[in-house]
1. Considering only the range 114-129, I want to know if a residue exists there that is touching a helix residue (DSSP H, G or I) at 6+ places or on another chain (Cβ under 7 Å), more than 21 Å from residue 205 (Cβ to Cβ) and crowded, with 20+ Cβ neighbours inside 10 Å.
2. Taking residue 129, is it modelled with pLDDT of 95 or more, assigned to a loop (DSSP other than H, G, I, E, B) and over 23 Å from residue 12 (Cβ atoms)?
3. Sort out which residues of the range 110-126 are touching a strand residue (DSSP E or B) at 6+ places or on another chain (Cβ under 8 Å) and farther than 23 Å from residue 77 by Cα, and write them in order of number.
4. Assess whether residue 164 counts as being within 14 Å of the chain's Cα centre (by Cα), surrounded by 12 or more Cβ atoms within 10 Å (Cβ to Cβ), under 27 Å from residue 81 (Cβ atoms) and at pLDDT 80 or above.
5. Could you pull out the residue among 66, 15, 34 that is free of Cβ contacts under 8 Å to residues at least 40 places away in the same chain and out of contact with any helix residue (DSSP H, G or I) (no Cβ under 7 Å at 6 or more places or on another chain)?
């Protein structure tokens, strides 16, 4: 059985942080990985950095598209992915080396549709020393929507079975909380979900990141009638 993991990284003008992100992703211990870097029409040096890494590591493939937003970039990655498993990393975040080996083992051991790990918010990447974590599994995943400490509504700190994602996609018509909608739709249809207590995903906070732009204008743009 194919056990390949497709890691999808949407990139838009991330040149200041992208090298650290790609280095952390390519340092994964999981042996069968393809990294799909989807450049969403960057106007800085991001695309050049992507090609630089692709020349050095054949596991990384660059997909260039016109700017359409992070949801369209992630959706393009899903369409192009060849792996049995899917994961998402943002182009300015970092992950620890044991993340996907641990999480895919949980999927295989439990038969879960998706698995979630803990997240740390920090201003620069500080790897966590690996220790075996606790695993929790539920056949009532909806109850996890109110679970604290696991960033349940983020698409980034998870591994999904490709067949489970099926035709579910990110909504390209909203520009904020699009991952919350995607994850909630998946949890609604999941039969089994697992949690691992390890902190593997490093959410690097920058003053210019979209998550800091939680403004009335953003919310109005999402919910006004078009």
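1. Among the residues of the range 114-129, at least one is touching a helix residue (DSSP H, G or I) at 6+ places or on another chain (Cβ under 7 Å), more than 21 Å from residue 205 (Cβ to Cβ) and crowded, with 20+ Cβ neighbours inside 10 Å, which makes the answer yes.
2. Considered against the rule, which asks whether it is modelled with pLDDT of 95 or more, assigned to a loop (DSSP other than H, G, I, E, B) and over 23 Å from residue 12 (Cβ atoms), residue 129 comes out as no.
3. 110, 118, 120, 121, 122, 123, 124, 125, 126
4. no
5. So the residue among 66, 15, 34 that is free of Cβ contacts under 8 Å to residues at least 40 places away in the same chain and out of contact with any helix residue (DSSP H, G or I) (no Cβ under 7 Å at 6 or more places or on another chain) is 66.
The values are calculated or read from the model by the stated rules, or taken from the named source; none is laboratory data. Here the structure is a predicted model, which means the values were calculated and not measured. Methodologically, a virtual Cβ is constructed for each residue, glycine included, from the backbone with ideal geometry; neighbour enumeration extends over all protein chains shown.
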